[in-house]
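What follows is a short report on a single structure.
The values are calculated or read from the model by the stated rules, or taken from the named source; none is laboratory data. Not measured: the values here are computed from a predicted model. So basically every Cβ, Gly included, is an ideal-geometry build from the backbone, and we count neighbours across all protein chains shown. Just so you know, the surface numbers come from the protein's heavy atoms only, side chains and all, with ligands and any DNA or RNA stripped out. Shrake-Rupley method; radii C 1.70, N 1.55, O 1.52, S 1.80 Å.
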Amino acid sequence: FLICVAIRANYPLYIRSVPTQGELKFHYTVHTSLDVVEEKISGVGKALADQRELYLGLLYPTEDYKVYGYVTNSKVKFVIVVDSSNTSLRDNEIRSMFRKLHNSFTDVMCNPFYNPGDPIQSKAFDSIVSTMMVQAC
Amino acid sequence: MEDGRMRVKCNFSGDQKFLENGRCVSKLESMGFRVGQGLIERFTKDTPRFKDELDVMKFICKDFWTSVFKKQIDNLRTNHQGIYVLQDNKFRLLTHLSAGKQYLEHAPKFLAFTCGLVRGALSNLGVKSIVTAEVSVMPACKFQVMIQKM
């Protein structure tokens, strides 16, 4: 399974999972992963080069799943939760997933009918995420 | 008597015009705000993360200004306590208006949108601010950014 979340100012704008049941238990995981994201971007004891990257990499592995993070310059956080058994997903594939998410999110932001802070209801965004998740699973 | 009545009429429409102007200027500013938010999302998509507030302001002065106005800000000054003054000596929206003091009173209309643009861009980068503009001799103008501590 696979879950994608977009978060702005600590509340989610978009949550999507494959399969669609059992989303609730991942809310907790995503919430705790936000703490890790905060820690990483505040750069406690990290080399300067790492701080400037948008992709945060593996946030923390638990026994059941792996959590990856990405923060945009506009402080929007993307989190992807992947099943630990899914070992076929490599780092650069996760990176490209985040890139696609960021690109679609930028399009949503530029839509004059979208109000920043509202939940994302764009069909285009949905279809990009669907294709991406189907490819990954 | 007639003169008196006419004078009252004129005053009223003068105030109305003043109010309308004020409403239009703030509407323009808020439109600029929303556009600034979207633009900054697109412009910072591939840039590395900003180090600090000064880094953000430099980005606005160089990359952002170049993408929108095809030139950079000519001078950036700061008091290092949250106030920045961005000086553009040949502001693109004023160059065709006049080259001196003529039409100075009309300048605010053309600056409102840009003030909103800067405020929106900064807001999406996590910086809350108040942006105002002043013109003394066209086409040069100064944008003053006051950072609000959240």
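Remarks
- Residue match in the range B:130-140 (condition: farther than 26 Å from B:Leu19 by Cβ, open to solvent by less than 50 Å² (accessible area, probe 1.4 Å) and touching a residue at least 40 places away in the same chain (Cβ under 8 Å)): yes
- When each of A:Asp118, A:Asp107 is tested for being assigned to a helix (DSSP H, G or I) and within 14 Å of chain B (Cβ to nearest Cβ), the lone residue that passes is A:Asp107.
- Of everything in the range A:121-137 that is exposed (fewer than 14 other Cβ atoms within 10 Å of the Cβ) and in a helix (DSSP H, G or I), the residue that is farthest from the other protein chains (Cβ to nearest Cβ) is A:Val134.
- Residue that is modelled with the lowest pLDDT, among those in the range B:84-117 that are in contact with a Leu (Cβ under 8 Å, 6 or more places away or on another chain), part of a helix (DSSP H, G or I) and open to solvent by less than 40 Å² (accessible area, probe 1.4 Å): B:Ala107
- Top-ranked residue in the range B:31-83 [being assigned to a loop (DSSP other than H, G, I, E, B) and of a type in the set (Lys, Arg); ranked as farthest from the other protein chains (Cβ to nearest Cβ)]: B:Lys71
- Count of residues meeting criterion [more than 13 Å from every other protein chain (Cβ to nearest Cβ) and modelled with pLDDT of 90 or more] in the range A:94-104: 0
- Residues located in the range B:40-83, provided they are of a type in the set (Lys, Arg) and either on the phi < 0 side of the Ramachandran plot or surrounded by 13 or more Cβ atoms within 10 Å (Cβ to Cβ) (or both): B:Arg42, B:Lys45, B:Arg49, B:Lys51, B:Lys58, B:Lys62, B:Lys71, B:Arg77
- Subset of the range A:75-102 [part of a helix (DSSP H, G or I), free of Cβ contacts under 8 Å to residues at least 40 places away in the same chain and open to solvent by 60 Å² or more (accessible area, probe 1.4 Å)]: A:Asp91, A:Asn92, A:Arg99, A:Lys100
- Test: residue in the range B:109-116 that is charged (D, E, K, R) and out of contact with any strand residue (DSSP E or B) (no Cβ under 7 Å at 6 or more places or on another chain): yes
- So B:Lys17, is it at pLDDT 85 or above, over 18 Å from B:Val145 (Cα atoms) and more than 14 Å from every other protein chain (Cβ to nearest Cβ): no
- Test: A:Tyr28 is of a type in the set (Phe, Trp, Tyr), at pLDDT 80 or above and either over 19 Å from A:Thr106 (Cβ atoms) or surrounded by fewer than 17 Cβ atoms within 10 Å (Cβ to Cβ) (or both): no
- Residue within the range B:94-111 that is in contact (Cβ under 8 Å) with a residue 40 or more places away in the chain and among the charged types (D, E, K, R) present: yes
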